[in-house]
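Engineer: I have a structure here, written as structure tokens, and I will follow up with some questions on it.
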Amino acid sequence: MTKKTERKLSIFALGGVGEIGKNMYVVQYADDIVVIDCGSKFPDEEYPGIDVIVPDISYLLTNRDKVRGMIITHGHEDHIGGVPHILKQLNMPVYTGRLTMGLIEGKLKEAGMLGSTERKIIDDKSEIHLGSMTASFFKTNHSIPNSLGVVLHTPEGVVVHTGDFKFDQTPVNDQYADLHRIADIGRNGVLALLSESTNAERPGSTPSEKSVGINLEDEFKKARRRIIVSTFASNVHRLQQVIDAAVASNRKLAAIGRSMVNMIAIASELGYLHIPDGMLIEPAEVNKYSANRVAILCTGDQGEPMSALTRLARSNHKQVEVLPGDTVIISATPIPGNERNIGRTVDELFRLGAHVIYGSGSHTGMHVSGHASQEELKLMLSLMRPKYFIPIHGEYRMLVHHGKLAESLGIERENIFIVNNGETVEIQNGAARKGGKVPAGNTLIDGLGVGDVGNMVLRDRKHLSQDGILVVVVTISKQGGTILSGPDIISRGFVYVRESEGLLEEASKLVSASIQRLIRDNVNHWATLKTNVKEVLGRYLYEQTKRKPMILPIIMEV
């Protein structure tokens, strides 16, 4: 028999607190678990060769019979990017808005999982039953349509997850945050509020998205040649404003970059993008039109090495090239850590003679954040009036700043919980406290492998990237115990062989002498021979070069 879980409410994150990306939050009451969001994040230089990082769901796998479903708040990659990878390990029903579901279905279809996943489209009027909990929703405003906040009605009380939001009073596509509904939720009583913290360090309010459209249209009308706009493909409101600016300046529009093409296709089909008939052209058709009648929408605003904008900047795109006098607009703010890649791309664009508008969006007028700044965060807290507050979705300093905002509004310090991934907040009989820890961390995706690259593999990859590798091949006679051939030394990423022949010859002699000495002493265990080769060769190479390449001995017996 399955042991009954204690009747208490547990709230924790498997990703998304103390970091930006791979958002995943868990609300559990007794034997019922609800998952909110399932994101991914891209690796930095600490993870060589890794394609993407998703949350570690070992806790959910251990408790798979208690998982009732997954709610997705909106369609950005840091909230949906992990869905196919996680569902491969733990299939569960998925509930989300119409556009978000369209994006998820594209991922599931690519992974061959569309037919095996239960999916249900929801909106702000939906109500779903998840074991002992019931979920309802409210509309929020963000940089992608169908953004929803989640209200979980539990036996302990109401838990609210805001999703990503801002309060834009003049939103594109008229997607207003439902302030009346938010206020009603607060009046009825909120036990715990989980609210995003991305812009908790920024004073004031985030400007309206509509201000970007005005600046884009002005730049489109001023440009005498082609315009290339690079932005996040998932920023559907921004895409619509680029389309509107192209219409106002009588330009055809081409889309470059796989994610951009996919987003335009899905959002147009579902009615979230409105593009006049005949306006979209293929990249190969760009040169058929005069330069002042063409605009290009592409990915690469963060300087990603294989993105469309980077390929254009390096003049290695097959169908389109940047010509002198073209205007390039980078409609985004650099994510911390990407500044060098963006700077390199901008340099290359200037070398091609382009007029480039780049840098912080607040300075260029070509970008505004989709996240709430301090005054909006305070408004959400004031409307919800929670008993307990858990800041989420942000690096640790952002969570701390958000906690201070809550304290300034009268929420008691002991009722504010700033936690790391895996740290639980437990609520029982209306009283909250920090609970124990659950497993939480990173699952690394490399090609088709999910979680099969661990710390040892990463350590080897870093070692190879820093000092290279030496392969030592030796053939030994099985009968006579003598060296028949070798040692042959192959160097990759360590030294240039033609300029280091003396070093490698001396290394070969040392290896030969070491193996012969061990053979004379009747030591013929492969592990011992290999360990000795590594020690002798490693010591010599460090003395000569102050480097520590990976040494891979291959000893064959014939």
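The values are calculated or read from the model by the stated rules, or taken from the named source; none is laboratory data. Just so you know, these numbers come straight off a predicted model, no measurement behind them. All Cβ positions, even for glycine, are placed from backbone atoms using ideal geometry, and neighbour counts span all protein chains on display. Note: areas computed on protein heavy atoms with side chains; ligands, DNA, RNA excluded. Shrake-Rupley method; radii C 1.70, N 1.55, O 1.52, S 1.80 Å.
Engineer: By a straight-distance test (C-alpha under 19 Å), which aspartates and glutamates pair with LYS378 as possible cross-link partners, with residues fewer than eight away in the same chain excluded?
Structural biologist: Partners within reach: ASP164, ASP168, ASP178, ASP184, GLU196, GLU201, GLU395, GLU407, GLU412, GLU414.
Engineer: Highest mean first, what order results for 238-246, 339-347, 63-71 on Cβ atoms within 10 Å?
Structural biologist: 238-246, 63-71, 339-347
Engineer: To continue, here is another question. Probe radius 1.4 Å, ligands and nucleic acids ignored: give me the carbon and sulfur share of the accessible area of the chain as a rounded percent.
Structural biologist: Answer for the chain: carbon and sulfur cover 49 percent of the accessible area.
Engineer: Still on this structure: If I take R0 = 30 Å and measure r between the Cβ atoms of MET306 and ARG433 in this structure, what FRET efficiency does the formula 1/(1 + (r/R0)^6) give, to the nearest 0.05?
Structural biologist: For MET306 and ARG433, the calculated efficiency is 0.05.
Engineer: Add +1 for every Lys or Arg and -1 for every Asp or Glu among the other residues with Cβ under 15 Å from the Cβ of ALA223, and state the total.
Structural biologist: After counting each charged neighbour, the total is +4.
Engineer: I would also like to ask the following. Project the alpha carbons of region 196-287 onto their principal axes and report the range along each, largest first, in whole Å.
Structural biologist: Result for region 196-287: principal-axis Cα extents of 45, 31, 21 Å.
Engineer: Now, a different point. Find how many whole Å separate the alpha carbon centroid of region 103-135 from the alpha carbon centroid of region 5-36.
Structural biologist: Cα centres, region 5-36 to region 103-135: 18 Å.
Engineer: Provide the net charge surrounding LEU405, with neighbours chosen by a C-beta distance below 12 Å and charges set as Lys +1, Arg +1, Asp -1, Glu -1.
Structural biologist: -1
Engineer: Compute the separation of the alpha-carbon centres of region 384-443 and region 364-383 and state it in Å as a whole number.
Structural biologist: 20 Å
Engineer: Assuming 0.36 nm per residue, please report the length gained on full extension of the stretch SER116 to ARG187 beyond their Cα-Cα distance.
Structural biologist: So the chain would gain 21.5 nm between SER116 and ARG187.
Engineer: For region 162-216, what does the alpha-carbon gyration tensor say about shape, rounded, prolate or oblate, given a ≥ b ≥ c as the root eigenvalues, a/c under 1.5 as rounded, and a/b over b/c as prolate? Display every interim value, and only then the final one.
Structural biologist: On the way: a/c = 3.12, a/b = 1.64, b/c = 1.90.
Oblate, because a/c is 1.5 or more while a/b does not exceed b/c.
Engineer: Still on this model: Going by the alpha-carbon gyration tensor, a ≥ b ≥ c the square roots of its eigenvalues, is region 12-158 rounded (a/c under 1.5) or, if a/c is not under 1.5, prolate (a/b greater than b/c) versus oblate?
Structural biologist: Taking the square roots of the gyration eigenvalues as a ≥ b ≥ c, region 12-158 is rounded.
Engineer: Are there chymotrypsin sites (Phe, Trp or Tyr not before Pro) in region 165-210 that DSSP puts in a loop and that have at most 16 other Cβ atoms within 10 Å, and which ones?
Structural biologist: TYR176
Engineer: State the extension gain, in nm to one decimal, for the chain segment bounded by ARG397 and HIS180, taking 0.36 nm per residue of separation less the distance between their alpha-carbons.
Structural biologist: Difference between extended and current length: 75.0 nm.
Engineer: Would you mind checking LYS221/LYS288; LYS22/LYS404; LYS41/LYS66; LYS252/LYS288; LYS222/LYS252 for any pair whose Cα atoms are more than 18 angstrom apart?
Structural biologist: Beyond 18 Å between Cα atoms: LYS221/LYS288; LYS22/LYS404; LYS41/LYS66.
Engineer: Give, as a single signed number, the net charge of other residues whose beta carbon lies under 10 Å from the beta carbon of ILE185, with Lys and Arg counted +1 and Asp and Glu -1. All intermediate terms of the calculation are to be shown ahead of the outcome.
Structural biologist: On the way: positive: ARG181, ARG187, ARG385; negative: ASP178, ASP184.
So the environment of ILE185 carries a net charge of +1.
Engineer: Could you give the length gained on full extension between ILE335 and GLU506, defined as 0.36 nm per residue of separation minus the Cα-Cα distance, in nm?
Structural biologist: Taking ILE335 through GLU506 to full extension adds about 56.7 nm, to one decimal.
Engineer: Compare the Cα positions of LEU379, ALA233, LEU194 along the charge dipole of the chain (+1 at Cβ of Lys, Arg; -1 at Cβ of Asp, Glu; about the Cα centre) and return the one farthest towards the positive end.
Structural biologist: It is ALA233.
Engineer: Right, next: Per the helix-only calculation at 222 nm, which mean residue ellipticity applies to the chain, given -39500 (n - 2.57) for every DSSP H run of n ≥ 4 and division by its residues, nearest 500 deg cm²/dmol? Present the calculation step by step, with values, prior to reporting the outcome.
Structural biologist: Working: 16 runs with 177 residues, N = 558.
Result for the chain, helices only: -9500 deg cm²/dmol.
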